[in-house]
Amino acid sequence: MLDVIIKGGHVIDGTGRPGFDADIGISDGKIAEIGTIEGAAETMLDADGLAVSPGFIDLHTHSDFTLTANGRAESQVHQGVTTEVVGQCGVSCAPARNRADVALMAPGFTEGAVDIDWLSFGDYLDHLDRMDLGVNVVAFVGHGTIHRAVLGDALRPADEDEMNAMIALLEESIEGGAFGFSTGLEYWPGSLATPDQLADMAKVAAKHDILYATHVRNRDLFYDLGFGEALATARAAEARLQISHIQPKFGAPDYAMEHAVQMCEQARGHGVDVAFDVIPHDWSHTRVLAILPQWAQEGGVESVTKRLKDEETREKIKRNPRPMWRLVSAGHWDKIVLMHSEANADLVGMAFDEIGARRGVDPYDAAFDLLLEEGENMSHLMWTSQSFSDSDIKLALSQPECAVISDTLALAPYGCLKHHVGSLSGYGWAARFLQYYVREQKVLSLEEGIRRLTALPAERVGLKDRGRLEVGAHADIAVFDAQAIASHFDVTEPRRYASGIAHVLVNGGIAMNGGSRTDVDTGRVLRSH
């Protein structure tokens, strides 16, 4: 007898081929039959009138720490996600010299939420292995985290001995199960790395045939230098390259997205294995701290606090001609919105021109004041802005190698994560993509849209037996109403679950049944070795 039969659905198998009506039978966590199934099963799931697809694979998340705090990944499972790829933009929970490093590097870190019992990358994955997980977890190791483990807060590139130590840590992390290597070159300490150093580390990724993913150094005025460096690094290292959230930001010329696509096509013609991904909305988010120039971020919270309390230093920071968001130097504070604050939760959803007016200060000073008021948690202060272009996203999606990502955290609206916001669309990114870009805008067919969420990311990472509905594959499955799936987030209330998801299975376990979350958590840690 089969364990589960999904009866009467319209199967969209993840390959991009036209869908077809069929039942799916599951046994021992894997797909055993696809077709007309007349037999019985322990559990029957009704899929009449619904689409049945592989579970969605989120190729770019920052859930490294939040999954250790609450492994159920509620915000993701509720929208059909069955696998997350953590450790992006050069940031991961390991390797670390000490617990303090984990606290500083981990997005979504929450004091007291987790007994940090790891330092090495392998030990971090062992910690996750001991947890009940709502999703499968694929983990990349971050360049920035490795840099901190070797150089601490040093505001300089690594020397030769330090580079050797960093490469040794990268090797050790891959042996411990890292599925990829990531950099965040727009952020400290990734911004300190030289092209030669990046290529040397990417060569290690290439040697082990794991993916190199990069948040490039620039996506606005000098976007072509940023993308060019990424392509040159991959070429020199002979590494497989994933350009993270490729859409250019405010300040780039109108043709930047078209040019970026052309650059990738040309590199591919010369043998570079390159693909990219997009966030499915025009809002961009980051830590408020990222707006500070590198010198102002050195030394940790205590040093940053001293600088922000000094009026002369504040004015020097304001004169920074190249902030991470050129919306700031252009004075477009009406397009920048507070997304997460523990000390000023009542201001969340408010634009900074309004926050400044309410406080009677310049919006720039309001941002500095909010950082100070967060205290030890200033690295958790988040803001979002309308930095992206919808037309750029559509152009990127028109390319067959473009995947769709969340760039967010796995969260839950209860417990220690209830006040966290990873991104504006954290609770609805996949639903937003299928609702807006597939159903309403018709940028892609449903079959092709599902491929961008399933088989394509699985192939990029190197996941076998996932991302497609075929006999023998792991039973990671999403069953949803293609005509009704929808997101419900906005700037004032981002913690609203998506709707339209009926059933979700992870390794054959039923995580959602009839639109409701069950107590089943059958996700696994997936290791490269």
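The values are calculated or read from the model by the stated rules, or taken from the named source; none is laboratory data. Quantities reported herein were computed from a predicted structural model and do not represent experimental measurements. As a convention, Cβ positions derive from the backbone with ideal geometry for all residues, glycine included, and neighbour counts pool all protein chains shown.
A few comments on the model shown:
- In the range 380-394 there is at least one residue matching the filter, namely being assigned by TED's automatic domain parsing to the domain that holds Asp64, in contact with a strand residue (DSSP E or B) (Cβ under 9 Å, 6 or more places away or on another chain), closer than 30 Å to Val479 by Cβ and not in a strand (DSSP E or B).
- Only one entry in Glu302, Glu265 is charged (D, E, K, R), out of contact with any Pro (no Cβ under 6 Å at 6 or more places or on another chain), modelled with pLDDT under 95 and assigned to a helix (DSSP H, G or I), namely Glu302.
- Residues (closer than 28 Å to Phe179 by Cα and among the hydrophobic types (A, V, I, L, M, F, W, C)) located in the range 236-263: Ala236, Ala237, Ala239, Leu241, Ile243, Ile246, Ala260, Val261, Met263
- Residue in the range 472-489 that is in a loop (DSSP other than H, G, I, E, B), more than 23 Å from the chain's Cα centre (by Cα) and farther than 21 Å from Ile5 by Cα present: yes
- Pick from the range 108-122, criterion free of Cβ contacts under 8 Å to residues at least 60 places away in the same chain and of a type in the set (A, V, I, L, M, F, W, C), ranking: surrounded by the fewest Cβ atoms within 10 Å (Cβ to Cβ): Leu119
- For the condition touching a helix residue (DSSP H, G or I) at 6+ places or on another chain (Cβ under 6 Å), surrounded by fewer than 23 Cβ atoms within 10 Å (Cβ to Cβ) and free of Cβ contacts under 8 Å to residues at least 40 places away in the same chain, Lys207 does not qualify.
- In a residue-by-residue description of the range 100-117, the property of being of a type in the set (Phe, Trp, Tyr), within 26 Å of Lys464 (Cα to Cα) and in the same structural domain as Ala165 (by TED's automatic domain parsing) applies to no position.
- In the range 395-427, the qualifying residues are those that are closer than 21 Å to Ala455 by Cα and not in a loop (DSSP other than H, G, I, E, B), and the one that is farthest from the chain's Cα centre (by Cα) is Leu395.
- Scanning the range 56-72 for residues that are closer than 18 Å to Ala458 by Cβ and touching a helix residue (DSSP H, G or I) at 6+ places or on another chain (Cβ under 7 Å) gives Phe56, Ile57, Asp58, Leu59.
- Listed by position, the helices (runs of 4 or more DSSP H) contained in the range 307-364 that have at least 2 residues being among the hydrophobic types (A, V, I, L, M, F, W, C) are 326-329, 352-359.
- Residue that is modelled with the lowest pLDDT [pool: residues in the range 242-256 that are touching a Leu at 6+ places or on another chain (Cβ under 7 Å) and surrounded by 22 or more Cβ atoms within 10 Å (Cβ to Cβ)]: Ala252
The rows are residues; the columns are (1) modelled with pLDDT of 95 or more; (2) in contact with a Ser or Thr (Cβ under 9 Å, 6 or more places away or on another chain); (3) not assigned by TED's automatic domain parsing to the domain that holds Ser191.
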residue: Ala260; (1), (2), (3): yes, no, no
residue: His270; (1), (2), (3): yes, no, no
residue: Ile291; (1), (2), (3): no, no, yes
residue: Asp310; (1), (2), (3): yes, no, yes
residue: Ala330; (1), (2), (3): no, no, yes
residue: Met339; (1), (2), (3): no, yes, yes
residue: Gly356; (1), (2), (3): yes, no, yes
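- Only listed residue being closer than 28 Å to Ala290 by Cα and outside any loop (DSSP other than H, G, I, E, B), chosen from Ala149, Ala113: Ala149
- Restricting the first member to the range 512-529 and to residues that are under 13 Å from Leu128 (Cα atoms), and the second to residues that are of a type in the set (Asp, Glu), the beta-carbon pairs closer than 6 Å and six or more apart or on different chains are Asp521/Asp132; Val525/Asp129.
- Within the option set Leu241, Leu289, Leu308, Leu327, being under 29 Å from Val443 (Cβ atoms) and touching a residue at least 40 places away in the same chain (Cβ under 8 Å) holds for one residue only, Leu327.
- Subset tally (residues that are aliphatic (A, V, I, L, M) and touching a Phe, Trp or Tyr at 6+ places or on another chain (Cβ under 7 Å)) for the range 451-487: 3
- Filter result for the condition that a residue is outside the structural domain of Arg217 (by TED's automatic domain parsing) and surrounded by fewer than 14 Cβ atoms within 10 Å (Cβ to Cβ), over Glu315, Glu373: Glu315
- Any hit, the range 195-217, residues being farther than 23 Å from Asp64 by Cβ and part of a loop (DSSP other than H, G, I, E, B): no
- All of (1) surrounded by 19 or more Cβ atoms within 10 Å (Cβ to Cβ); (2) over 30 Å from Ser398 (Cα atoms) hold for Val81 with one exception: (2).
- The residue that is surrounded by the most Cβ atoms within 10 Å (Cβ to Cβ), among those in the range 342-352 that are out of contact with any strand residue (DSSP E or B) (no Cβ under 8 Å at 6 or more places or on another chain) and not hydrophobic (A, V, I, L, M, F, W, C), is Glu342.
- Filtered residue count, the range 169-204, keeping only those that are in contact (Cβ under 8 Å) with a residue 60 or more places away in the chain and within 19 Å of Phe276 (Cα to Cα): 7
- Checklist (1) crowded, with 16+ Cβ neighbours inside 10 Å; (2) in contact with a helix residue (DSSP H, G or I) (Cβ under 6 Å, 6 or more places away or on another chain) applied to Leu125, failing item: (2)
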